[in-house]
Amino acid sequence: MLKNFIIIIFIFIINLFNWAAAAENYKINSVHFDNSDNVIFLASPSKVQYINVKSMKLKEPDRLIFDIDNCVLTRPNSGWSFKNSDIQEVKVSQFTTNPNVVRVVITYNKDFKADKVRIHRVDNNLVISYNKNLFPQNDLRSVYNDEKAEVNYYEYTTFNEEEKTTTQPADNTSGTVAVKAFNSKGELVKQDASKIVVDNTPVSKLKSSFYVNKIDIKRGNALIRGVGSIGVEKPFVVKEPDRLVFDLPNTYVAQDIRNKEFVLSEKETIKIGQFEPTKARIVVTTTEPDKFRPIYSYDSQSIFLAHDDRILGLTFYDKTSAIYTYSAKKNNDTTDTLQFTFTEPVVHSIKKLNNVLEVNLYNCSGFNHEAYKKNLTSEVFAKLRTEALLPYGIKMIIPVKNTTLVDYKQSFDNKQLSLQLTTPKDAEINKTGPLFIKRNPNVKTIVIDPGHGGSDVGATREGVYEKDITLDISKRLAKILDKKGYNVLLIRDKDETVSLQDRVKYTEDNHGDLFVSIHVNSSVTPEGVGLETHYFTDQSYDFAQVVHKEFAEAIKSKDRGLFKSRFYVIKNTTCPSILVETGFISNPEERKELMTSERRQKTAEAIAKGIQKYLGKE
Ligand SMILES: [Zn+2]
């Protein structure tokens, strides 16, 4: 049976210039898809003046098509498909029937609001977004009372089903020029200059969370600017030479500043690179890594990476804020939340040192410490102290544990801050010190290898580090096995760097009978979720199978199965060796789970049970 399966509803052709201009080749050299922000980012190094995009909405299946003219995809075609999502598939490819065109196809189901899709030009890049709130009609404000941001941001069009009213062409290249290529009956409309219509709706400016395009050095501090809400993951220090490293999640770095070195002072430099497809990394080479902190602007569109001794006298924002409301509550045994609202957007920094959390509010006076203390219901925040931060601010100092995890959120308008502190209850384990071998030749020696550690943080998201989770699970596992009477060798019992070679060497030197490496998985998209067990040698297969079965049964997550993988530690140890990926840090729900002691304990118990079963079978 034949179906009239393609209905062209309408087509827009968008252009920012006059049609006759010679076409430059536009190259797309990377494609990023961020499902959490509902953004497709097509990045180009080409400095072209004009980018032409044709948009179509087709039926059966429902899909949106963007054809980018005179465009070459210099990387392999990309595709993503999703279950249980309104978007079913996204494909970016060099269009086969017209090799001059790069085609983006978004296939969606009936619940998806296709009219929310927007396509923007951001410098030389194209951004397709399908979340209405991603780009509110906010102006780009200058940050830190600095120069006005220069913008080259355009919204091309929207998928309105209504007819656009035709107006005279205007000599205004900053507006969006929309030309209808087809009429409502699907007939081609001849393109001629007199039919070009100018859509006079204001050009929207982007505000999102992903685009950094400028670094300015000011008195030895770095102002990192971009478009959108910039966030920073917990900084860490790398040795020899000393470097301070910050990761910016959901951030994309403009080509022209990528990996360029900027001089902060005689002996200090700063660099920003694209570390992962959706993550940027800032590296500051300095002998004083502890002195730097990121300060968030009042509009979150930039961070000021400031050296504590070099910001005296700098004012960040001319409006002084005051704390308007606050609340502190105990969420559960391990988690406390402190929340503030402010009268004005607040310029702030959050910095965790070993045993203290510093929250600096640079433009905030007005804080009644006594009144605040009286209303505290949380033990954690009862120890909070405040100091003046000249000229207009407050420094809050909250004593925390070394192991405390800080989750921090700010509202879009920067009038609300929320701090969530989670301190895992592993105090007992910490006190016992290294769980090391009680050599007893009659019992098996089980080597537990907490993945990563020290300067190797492993996978990170939102300030949560793989190395911390692997250590905690490993300690719990060591404790259980120790109680069962096994010889237990824990490769590291604190946050320290251990090379892969050393991990293998310790195992061999101590005649390990079984080797278990604990890791946390990550993926560039948040969909990835679940449990994996890896083995390499044939003699490890049974061990992997038995442990994985216990593990996958005990933990309510997706069972991704067994993998034969060439990981160094399981390839080079001579005993049966496995590597357990205990969940995905990049999946927000699983990350939350992995931060709980329940999940960690269950994981440790399941692996321990698997080990016992395997040894019993032998
Ligand atoms: Zn790992």
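Would you confirm, using the coordinates I've provided, whether Glu387 is modelled with pLDDT under 70, not in a loop (DSSP other than H, G, I, E, B) and not aliphatic (A, V, I, L, M)?
Considered against the rule, which asks whether it is modelled with pLDDT under 70, not in a loop (DSSP other than H, G, I, E, B) and not aliphatic (A, V, I, L, M), Glu387 comes out as no.
Filter the range 538-570 down to residues that are in contact with a strand residue (DSSP E or B) (Cβ under 8 Å, 6 or more places away or on another chain), modelled with pLDDT under 90 and part of a loop (DSSP other than H, G, I, E, B) and give me whichever is nearest to Asp468 (Cα to Cα).
Phe567
Of the conditions (1) modelled with pLDDT under 90; (2) within 30 Å of Phe340 (Cα to Cα), Gly454 clears all except one; give me its number.
Going through (1) modelled with pLDDT under 90; (2) within 30 Å of Phe340 (Cα to Cα) one by one, Gly454 breaks only (2).
If you take the residues of the range 577-597 that are at pLDDT 95 or above and over 26 Å from Asn250 (Cα atoms), which of them is surrounded by the most Cβ atoms within 10 Å (Cβ to Cβ)?
Ile578
Residue by residue through the range 493-537, note down the ones that are of a type in the set (A, V, I, L, M, F, W, C) and either under 19 Å from Tyr465 (Cα atoms) or not in a loop (DSSP other than H, G, I, E, B) (or both). Spell out how you get there, then give the answer.
Initial filter on the range 493-537 (of a type in the set (A, V, I, L, M, F, W, C)): 498, 500, 504, 514-516, 518, 520, 524, 529, 531, 536.
If the condition is that a residue be of a type in the set (A, V, I, L, M, F, W, C) and either under 19 Å from Tyr465 (Cα atoms) or not in a loop (DSSP other than H, G, I, E, B) (or both), then Val498, Leu500, Val504, Leu514, Phe515, Val516, Ile518, Val520, Val524, Val529, Leu531 are the ones that fit.
Name the single residue, out of those in the range 598-611 being over 29 Å from the mean Cα position of the chain (by Cα) and surrounded by 18 or more Cβ atoms within 10 Å (Cβ to Cβ), that is nearest to Lys483 (Cα to Cα). Outline the logic, then answer.
At the first step, the residues of the range 598-611 found to be over 29 Å from the mean Cα position of the chain (by Cα) are 605-611.
This time we only want the ones that are surrounded by 18 or more Cβ atoms within 10 Å (Cβ to Cβ), so: 606-611.
Details: Ala606: 15, Ile607: 14, Ala608: 11, Lys609: 13, Gly610: 15, Ile611: 14 Å.
Top of the filtered list is Ala608.
Given the options Lys444, Lys438, Lys431, name the one that is at pLDDT 75 or above, more than 30 Å from Tyr324 (Cβ to Cβ), over 30 Å from the mean Cα position of the chain (by Cα) and in the same structural domain as Pro526 (by TED's automatic domain parsing).
Numbers: Lys438 fails: at pLDDT 75 or above; Lys431 fails: at pLDDT 75 or above.
The match here is Lys444.
Mind checking whether some residue in the range 454-465 is part of a helix (DSSP H, G or I) and in contact with a His (Cβ under 8 Å, 6 or more places away or on another chain)? Steps first, please.
Taking the range 454-465 and keeping what is part of a helix (DSSP H, G or I), we get none.
Among the residues of the range 454-465, not one is part of a helix (DSSP H, G or I) and in contact with a His (Cβ under 8 Å, 6 or more places away or on another chain), which makes the answer no.
Working only within the range 520-551, note down all residues that are hydroxyl-bearing (Ser, Thr, Tyr) and away from the ligand (no atom under 15 Å from the Cβ). Outline the logic, then answer.
We begin by selecting, within the range 520-551, every residue hydroxyl-bearing (Ser, Thr, Tyr); these are 522-523, 525, 533, 535, 537, 540-541.
Result: Thr525, Tyr535, Thr537, Ser540, Tyr541.
Taking Asp115, is it outside the structural domain of Asp413 (by TED's automatic domain parsing), part of a helix (DSSP H, G or I) and either closer than 13 Å to Ser55 by Cβ or at pLDDT 80 or above (or both)?
On the way: outside the structural domain of Asp413 (by TED's automatic domain parsing): yes; part of a helix (DSSP H, G or I): yes; either closer than 13 Å to Ser55 by Cβ or at pLDDT 80 or above (or both): yes.
In short, yes.
Which of the residues spanning the range 499-519 are in contact with a strand residue (DSSP E or B) (Cβ under 6 Å, 6 or more places away or on another chain) and within 16 Å of the ligand (Cβ to nearest atom)?
Arg503, Phe515, Val516, Ser517, Ile518, His519
Considering the range 393-407 alone, what residues qualify as being outside any loop (DSSP other than H, G, I, E, B) and closer than 14 Å to Phe381 by Cβ?
To start, the set of residues in the range 393-407 that are outside any loop (DSSP other than H, G, I, E, B) comprises 393-399, 405-407.
Within the range 393-407, Met396, Ile397, Ile398, Pro399, Val406 meet the criteria.
Of all residues in the range 457-476 being modelled with pLDDT under 90 and of a type in the set (A, V, I, L, M, F, W, C), which is nearest to the ligand (Cβ to nearest atom)? Let's see the steps before the verdict.
Quick first cut of the range 457-476, residues modelled with pLDDT under 90 only: 457-464.
Next, from what is left, pick out any that are of a type in the set (A, V, I, L, M, F, W, C): 457, 459, 464.
On the way: Val457: 10, Ala459: 6, Val464: 13 Å.
In this case the residue turns out to be Ala459.
List pairs: first in the range 500-523 and in the same structural domain as Lys592 (by TED's automatic domain parsing) and at positive phi, second within 16 Å of the ligand (Cβ to nearest atom) and among the aliphatic types (A, V, I, L, M), Cβ under 7 Å, 6+ apart or cross-chain?
Short answer, once both residue conditions are applied: none.
Give the number of residues within the range 591-603 that are of a type outside the set (Gly, Ala, Ser) and farther than 18 Å from Glu233 by Cα.
Filtering the range 591-603 down to residues of a type outside the set (Gly, Ala, Ser) leaves 591-596, 598-603.
Of the ones still in play, those that are also farther than 18 Å from Glu233 by Cα are 593, 596, 598-603.
Qualifying residue count, the range 591-603: 8.
So if I check each of Asp538, Asp542, Asp559, which one is without any contact (Cβ under 8 Å) to a residue 12 or more places away in the chain, over 20 Å from Gly458 (Cβ atoms) and assigned by TED's automatic domain parsing to the domain that holds Lys483? Let's see the steps before the verdict.
On the way: Asp542 fails: without any contact (Cβ under 8 Å) to a residue 12 or more places away in the chain; Asp559 fails: without any contact (Cβ under 8 Å) to a residue 12 or more places away in the chain.
Answer to the check: Asp538.
Of the conditions (1) of a type in the set (Val, Ile, Thr); (2) modelled with pLDDT under 90; (3) closer than 21 Å to Gly616 by Cβ, Val516 clears all except one; give me its number.
(2)
Look through Phe342, Phe304, Phe381, Phe316 and report the one residue that is more than 27 Å from the chain's Cα centre (by Cα) and either at pLDDT 85 or above or surrounded by 14 or more Cβ atoms within 10 Å (Cβ to Cβ) (or both).
On the way: Phe342 fails: more than 27 Å from the chain's Cα centre (by Cα); Phe304 fails: more than 27 Å from the chain's Cα centre (by Cα); Phe316 fails: more than 27 Å from the chain's Cα centre (by Cα).
One residue alone meets the criteria, Phe381.
Is it the case, given these coordinates, that Thr497 is in the same structural domain as Lys613 (by TED's automatic domain parsing), over 17 Å from Ile585 (Cβ atoms) and under 26 Å from the mean Cα position of the chain (by Cα)?
Working: in the same structural domain as Lys613 (by TED's automatic domain parsing): yes; over 17 Å from Ile585 (Cβ atoms): yes; under 26 Å from the mean Cα position of the chain (by Cα): yes.
Yes, satisfied.
The values are calculated or read from the model by the stated rules, or taken from the named source; none is laboratory data. Just so we're clear, the structure is a prediction, and the values are computed from it rather than from any experiment. When we count neighbours, we look across all protein chains shown, and the Cβ atoms used for this are built from the backbone with ideal geometry, even at glycine.
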